[in-house]
1. Filter region 140-186 down to the residues that are of a type in the set (Gly, Ala, Ser) and not in a loop (DSSP other than H, G, I, E, B), then identify the one that is most open to solvent (accessible area, probe 1.4 Å).
2. Considering region 98-117 alone, what residues qualify as being part of a loop (DSSP other than H, G, I, E, B), of a type in the set (Ser, Thr, Tyr) and either modelled with pLDDT of 85 or more or buried (at least 17 other Cβ atoms within 10 Å of the Cβ) (or both)?
3. Among the residues of region 383-439, how many are within 20 Å of Gly337 (Cα to Cα), open to solvent by 50 Å² or more (accessible area, probe 1.4 Å), in contact (Cβ under 8 Å) with a residue 60 or more places away in the chain and of a type in the set (D, E, K, R)?
4. Mind checking which strands (runs of 3 or more DSSP E) fall wholly inside region 243-354 and carry at least 2 residues that are without any contact (Cβ under 8 Å) to a residue 60 or more places away in the chain?
5. When you check Arg501 against the structure, is it surrounded by 16 or more Cβ atoms within 10 Å (Cβ to Cβ), charged (D, E, K, R) and within 30 Å of Pro592 (Cα to Cα), yes or no?
6. Inside region 427-495, counting only strands (runs of 3 or more DSSP E) that do not spill past its ends, which hold 2 or more residues that are aromatic (Phe, Trp, Tyr)?
7. Within region 851-885, can you find the residues that are open to solvent by less than 60 Å² (accessible area, probe 1.4 Å), charged (D, E, K, R) and at pLDDT below 90?
8. Go through region 112-146 and give me each residue that's in contact (Cβ under 8 Å) with a residue 24 or more places away in the chain and acidic (Asp, Glu).
Amino acid sequence: DTLAVRGLPAVLNCSAASDAPVRVEWKKDGTFLNLVADDRKRQLADGSLLISAVVHSKHNKPDEGVYQCVATIDNLGTISSRTARLTVAGLPRFLSQPEGVSVRSGGTEMLSCEVTEELAPFTRWERDGRPVELDGRVIQLPSGALVISNGSQSDAGLYRCSIDGLGPAKTTDEAQLQVSADSGVEEKLETLQGPVAVAKVVGESVLLPCVMKGYPVPVIRWTLNDRPIDESRERFAVIGGGSLQIVNLTEEDAGIYVCQADSGNMTSEIQAELTVHVPPRFLTRPSNTYAQESMDIIFECDVTGSPPPTVKWMKDGDTVIPSDYFRMKQHNLQVLGLVKSDEGFYQCLAENDAGNVQASAQLIILDLASGPSERNDPTPSAPRDVVASLVSTQFIKLTWRLPAEPHGENITYSVFYSLEGTNRERVENTSGPGEMQVTIQNLAPDTKYTFRVVASNANGPGESSTPLTVATQLEVQVPGPAPNLQVVSVGTSSVTLSWDRPVTGNGEIQTYRLFYSEKGRDSEQDVDVTGLSYTMTGLKTFTEYSFRVVAYNKHGPGVSTEDVVVRTLSDGDSPCVLLLPQSIMVRWQPPPAGTLNGELTGYRLRYRKGLRRADAAEISTSQLFQLIEGLEKGKVYTVRVSASTVNGSGPTTEWIAAETFENDLDESQVPGVPSSLHVRPLVNRIVVSWTPPENQDVLVRGYKIGYGIGSPHAHTVTLDYKQRFYSIDNLDPSSHYVITLKAFNNMGEGIPIYNSATTRPQSDPIDPDIDFYELFNNPYTPAPDPTPMLPPVGVQATVLSHDTVKVSWADNSLAKNQKITDSRYYTIRWKTNIPANTKYKTANTTTLFHTVTALKPNTLYEFSVMVTKSRRSSTWSMTAHGTTFESIPSSAPKDVTVISKEGNPRIININWQPPTEANGKITGYIIYYSTDVDAEVHDWVVEPVLGNRLTHQIQGLTLDTTYYYKIQARNSKGMGPMSDAVQFHTPKAEPSDKMSSDQGLQVKPGHPTLPEHGIGSNMGKQDDKRVLVIVVIVSVGAFTIIAVIAGAVLCTRRSNSHQKKKRAACKSSTGSHKYKSSSKDLNPPDLWIHHERLELKPMDKSPEPNPVMTETPIPRTAQDPAAEPSHQRRGESLRHEAEESRRGRLALYPHSCSCHFSSLCFCFWLFFSLRCFASLNPNSNTAPLAWLSLSQTYETDELSEEMAHLEGLMKDLNAITTD
């Protein structure tokens, strides 16, 4: 950096050396200078820049700025120098004139010379027209002021300050310094100049002024970070009567410096911070790199400095802008997918407040080896069937098959990929020879990439595969926890919550769900919030609540925050005054709606000590609370608050008094048990008195009294920490009340003390007026315990964790301090009601509490206690309930099944059931799938599913690929274990028509589905058969219509007697066909063909005893080895189907024909049709297609049996009609 003077020349040095010719150019503020058009600037022979006459004025500063020289070698590259700032000193002028002063002999005085900061180095002092000689006694401060310590008569004279070196010298007016004799009169300690914050660079010097005046002459000492400075060290010296000079600064010299002055009757301290900057320094420099196109390289650049330097990269003099292919990780530069244009010089430039440095390196792109056409040795052909078998948000897994012509062994592969639409490719090599898959990592979500694969053998790389374009999945991410959750109680029934936006999460936060519950209760309530804060009202007074927040985005709920517990305020706290030893926390609520009269801008809080109005201080805040600090202990302060709008302040609250504590009491623990609790029962009330805990060093903020008939938890009263007695009113006569008392502070509630009393009967005199002072000093002592064993009272179940509950109780048969001195013990029993027949579990203890462990998470338990002493036992106490906290699922989702979607083998449906041990409400599932069952978890594709879903569809799978699926459940506490991997192999090809789609049903073992082209491989024969079938169907249809019309006419002409004869003949024709005699049952059976489903059924036999199930209806080609034995399995398969059809799935009932003539015609038609079908191709080894929609399918022998059966039936019908 250079400080120039207006009108004088300035030189900026720059030199570049190389064997090749170098062209040097200059930049100012990032723009190249045109030196041809500027007659004041020219470039010297060595490359330096000369400014002949610096121009600088108030409105024209053309020469001030940041300069940088750039060196270029044509056809090779460009490098840039580090930057330098040129500053022009202002016009010489003084801001003030020195004034005449008088100094006592041996004292210290200072003469000011006020100039601007850039002019301070040019100031000089003269005495009586001659330069002042500076030494350890007379010094010049960085501001330009002159300090004279240990003054004497030789220092007297006329002093003036001058500015030299910026043209003609300019001086101030003369000021006279007088030296007076020592009179011995005390002089008040006065600070003439104290230290100020300053920043310096390592290796420089600094002068910290500390100029004190007074009598006796003050003694000055310095400390650094509260440690005395050893002035005997070489680099430290106290000069000028107290100023500290440090030379050759190091990083360890930084810190807080304090100047301490002590004159015997007065002391003074002034502190200032010294910051030591360290210029950037390279730990690792970038190095020259040789690489080939499509490769990835990294230029390393590790820099240190203080403050931490900022790093930027430049290529050939231009700043490198981060992109998909130029990435900056820490200080390193990563260039991905090299292209020829990436060649050049790369520079790492580091800069901080102390300076800047640069280092450069050259990148050279090597030419690739000659292509396949230029070599005589054969190279592999292109890899075949390149597919993306696994697609995630940030990685894609590619698989392929061996080239058709590998021309050798140990084939290696390189995958070239690029963003769609760009020519910059990156390359990823397989891990070893023969490996035909690779996973491309660190891709951008929802982005299209183009891939191609090249195989290489010993002769070099071969042909490239056809480019494949694949898009990564859209990133699905639920929000993280909302940080900085804060809950502040602002009233007796309201709290204010605030939080920050989650750091992690994809997409806009749609809503925040605030969950809260009363402490000790199992149920949790929630409310939706759109902002980052919320004030909740309608809560109970002085009650603890637990709060947590969950953020929701379009993908569902995120991670919950930790629970925050807060207690609402008591009735006596308004606004709210929280006492501390030397501070007061004040809280309040905003004015009622409709009374603001403008937009609320904040609050004004005034406080004062006692009632002294003049000492009132004011604080402005926009919060609903304020901590007032720095107060005196054991003093009464009064506080009031007013709201402010843009129109001004509104009315104030009443003055509220609060007294700070006398001592710094401990609040890191809860208070102890109160030392005593006394009760005096009357007819309708019980008077209670107590003494505080024995440990007076623990802060007590108040007391809680609980009372009720048989249980102390029916009613609760909160009292001030100063109170020592209380009257419980409105009680029932002749009733046994259990009373508990416990002290509390901000850490929680202490251990309770128990007592009980029975109110007097109604016939007793009216309750007298109680003298509380007499009662407190003469406490009532209750009667001895009754002989029968009473059950424990006040049973409480406090949930501690997901599997632990602490059960506590009180024993009325013990002394008031609840101390057990005999051999009694307690039995605790517990169980859950799910399932209903669960048995009780028990445990014994000799204390008044027991921790039950090994419970199930998120389960409601009931607890009760009984006491046993010698041979006497009490009954079971009243039941207490508690629900254990949720825990992460301890089992995985079960019954995971994968089914291919009908008609689209690229889509699968995955189904599952919830975990057996969910341990809480399931909020979501995560489906993992991969083609490698042994891959790391982060390499599996992830798809989230909401917790109310038990099925999910996954699309875009690759055909003929084995996938593995796992499912993981989550609840509010975290993720459970993964299920076992379920394997599913996708089909080899998609259906070519609708028929194949219809046949693509999942079948039972032993019932394989058919190929989409029917039975057999002779498609020409099948076409002939189809034509013949169509002709037969049309002919038979026409015949049927004529026959039905004729039959209807004949049937209507028959007499009733003739019909009876026909019914009798029908009965005698077969003993197995019985029909009721009612005319309603004479309707013919339904012989129409069922068309709900159209099936192709093969009818050939097969000797294969064990048919194999085909999972999905995939058409197989002749090359497919699995297709060859398929026709051998069909006969056996269809024999099973025919047997199953005869058992209950018949759509045709030839044995059920009635005696109508129309049925006779239909049976004849069926007989004729079957005859025609059987004679279509008697020599073929495969039967024709059965296009009738029959649920029963016949083989050759079975078909003959059925036709013979029809012939017998026709004979019976002929006999009936002839009768």
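1. The qualifying residue most open to solvent (accessible area, probe 1.4 Å) is Ser154.
2. Ser105, Thr108, Ser112
3. Selection size over region 383-439: 0.
4. Answer list for region 243-354: 243-246, 255-262, 267-284, 302-306, 310-315, 326-329, 332-335.
5. The answer is no for Arg501.
6. 448-457
7. Lys869
8. Those that are in contact (Cβ under 8 Å) with a residue 24 or more places away in the chain and acidic (Asp, Glu): Glu114, Glu118, Glu126, Asp128.
The values are calculated or read from the model by the stated rules, or taken from the named source; none is laboratory data. What you see is a predicted model, and the numbers here were worked out from it, not measured in a lab. Counting neighbours? That spans all protein chains shown, and the Cβs are built from the backbone with ideal geometry, glycine included. Protein only, heavy atoms only, side chains kept; ligands, DNA and RNA dropped before computing areas. Shrake-Rupley method; radii C 1.70, N 1.55, O 1.52, S 1.80 Å.
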